[in-house]
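Everything below concerns the one structure shown next.
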Amino acid sequence: MSKYIELIPTIKKAVFAGAEILLSHLGKLSQMDINTKAKNDFVTKVDKESEVCIVNILRERTPNFDILTEETIPDEMKRNNRWIVDPLDGTTNYIHNFPFFAISIALEEKGTVVLGMVYDPLRKELFFAEKGKGAFLNDKSISVSKRKTVDECFLATGFPFKAHNYIDPYLKVFREMFLGSSGVRRAGSAVLDLAYTACGRLDGFWEMKLSPWDVAAGSLLIKEAGGKVTDWEGGEDYIFSGNIVGSNGHIHSQMLSIIKEHFT
Ligand code: IPD
Ligand code: CA
Ligand code: CA
């Protein structure tokens, strides 16, 4: 039986409550509801409202767990268990009514992600993984794709919009991935890019300078679906370095070597 089974209804309740908030404001935001954190980095009243709602639900059920979230709650980093929450991934998409955004909640135990849930409210797709127990989409088991080389693969990425100083080497990597694959997408939600890699819609994903809430749940989904996740050195430090490659496993070393060639 699942070690965390009692927490699953709580995570579901939290993502569905956050999703209701996202859907109720979609297409109705005014300029006054949007703040700029940095160039091209936005936060809306919806990010905050969703976060407060999710945090309240998690806190009520697990008052002794830490919570790391994107918008408001400071990281305490004291206890064994920690929730990692992105209350709206794809804020820029959301602001523009571009239908690709999600909510992500992960649970970390002593520094290891043990549960991950990603919910796409528009498609009603609930991705879930528990460490050692597999990955699921709407309760059906999922697995990564079987494609063996990058040239036959469909990839996704994110642009380094918070780290413009890396644009030149990034574009060299992009050029090589683009010319050497069957297609590259930049849809604007790292959380969904990872979930899509887990269920085989994408074969691989890479991005730099992400935050823990962008990758914690999605990386567990990929691993539990049989894929591979590393940082750009091929190591384990993808949650805090934010430099991540997630793939079906077969093309992982090929993707890493393309990245390493331009980021030494
Ligand atoms: C962003 C999205 C985007 C990625 C950014 C993230 P946010 O998250 O995941 O795809 O390229 O790096 O910050 O800010 O919309 O939650
Ligand atoms: Ca995010
Ligand atoms: Ca966010």
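The values are calculated or read from the model by the stated rules, or taken from the named source; none is laboratory data. What you are looking at is a predicted structure, and each value in this text was computed from that prediction instead of being measured. Quick reminder, even Gly has a Cβ in these numbers, built from the backbone with ideal geometry, and neighbours come from all protein chains shown. Note: accessible area is taken over every heavy atom of the protein model, side chains too, but ligands, DNA and RNA are not part of it. Shrake-Rupley method; radii C 1.70, N 1.55, O 1.52, S 1.80 Å.
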Checklist outcome for this item: Note to self: with every protein chain in place and a 1.4 Å probe, the range 202-264 gives an accessible area per residue in Å² of 33 Å²
Item to check | the range 176-264 shape via C-alpha gyration tensor axes, a/c threshold 1.5 | outcome: rounded
Next on the checklist: Once ligands and nucleic acids are excluded and a 1.4 Å probe is used, how much of R147 is accessible, expressed in Å² to the nearest 10?
Outcome noted: 100 Å²
Item to check | Estimated 222 nm signal from helices in the chain, with DSSP H stretches of n ≥ 4 weighted -39500 (n - 2.57), rounded to 500 | outcome: -10500 deg cm²/dmol
Checklist entry - Considering only protein heavy atoms, what per residue accessible area in square angstrom results for the range 8-141 with a 1.4 angstrom probe? => result 47 Å²
Checklist entry - Sequence-distant or interchain residues sharing an amide H contact under 5 Å with D237, placed H: which? => result D231
Item to check | Calculated from backbone phi, Karplus (6.51, -1.76, 1.60) coupling profile of the range 101-113 in Hz, x at Gly/Pro | outcome: 7, 7, 10, 10, 9, 10, 10, 10, 10, 6, x, 10, 6
Checklist entry - So who's got an amide H within less than 5 Å of the one on T62, skipping anything under 5 residues away but keeping other chains? H placed 1.01 Å off N, in plane. => result none
Item to check | Rounded to 10°, Cα long-axis angle of helix 8-25 versus longest principal axis of the chain | outcome: 90 degrees
Item to check | List E207, E152, E233, ordered by accessible area with a 1.4 Å probe, largest first | outcome: E233, E152, E207
Next on the checklist: Just to confirm the number: angle between the C-alpha axis of helix 212-224 and the first principal axis of the chain, 0 to 90 degrees, nearest 10?
Outcome noted: 70 degrees
Item to check | Subset of K48/K162; K13/K78; K131/K260 violating a 27 Å alpha-carbon distance limit | outcome: K131/K260
Item to check | Nearest-10 value in Å² for the accessible area of V52, using the 1.4 Å probe | outcome: 80 Å²
Item to check | trypsin sites (Lys or Arg not before Pro) within the range 5-50, DSSP loop, no more than 12 other Cβ atoms inside 10 Å | outcome: K28, K39
Checklist entry - Residue farthest toward the positive end of the dipole of the chain, with Cβ of Lys/Arg at +1 and Asp/Glu at -1: which of F136, P169, S50? => result F136
Checklist entry - What list of ³J(HN,Hα) couplings, whole Hz, do you get for the range 29-45 from phi and the Karplus terms 6.51, -1.76, 1.60, once you set θ to phi - 60° and write x for glycine and proline? => result 6, 9, 4, 5, 7, 10, 10, 9, 7, 7, 4, 6, 10, 10, 9, 10, 5
Checklist entry - So how strong a dipole does the range 8-141 carry about its Cα centre when Lys and Arg Cβ are +1 and Asp and Glu Cβ are -1, to the nearest 20 debye? => result 260 debye
Checklist outcome for this item: Counting only DSSP loop positions in the range 55-127, the GluC sites (Glu not before Pro) whose Cβ has at most 14 other Cβ atoms within 10 Å are E76
Item to check | Heavy-atom accessible area order for M255, M32, largest first, 1.4 Å probe | outcome: M32, M255
Item to check | With Cα atoms, 0 to 90° folded angle of helix 167-180 axis to the chain main axis | outcome: 70 degrees
Next on the checklist: Distance between the C-alpha centers of the range 1-53 and the range 189-208? Whole Å please.
Outcome noted: 20 Å
Item to check | Computed over the chain: relative contact order in percent, which uses C-alpha pairs under 8 Å that are six or more apart | outcome: 16 percent
Next on the checklist: Suppose the chain between E20 and F263 were pulled fully straight at 0.36 nm per residue; how much longer would it get relative to their current alpha carbon spacing?
Outcome noted: 83.4 nm
Checklist entry - Got a number for carbon plus sulfur as a percent of the chain's accessible area, 1.4 Å probe? => result 52 percent
Next on the checklist: For a test of the definition: using alpha carbon positions, the gyration tensor, and the 1.5 limit on a/c, classify the range 8-141 as rounded, prolate or oblate.
Outcome noted: oblate
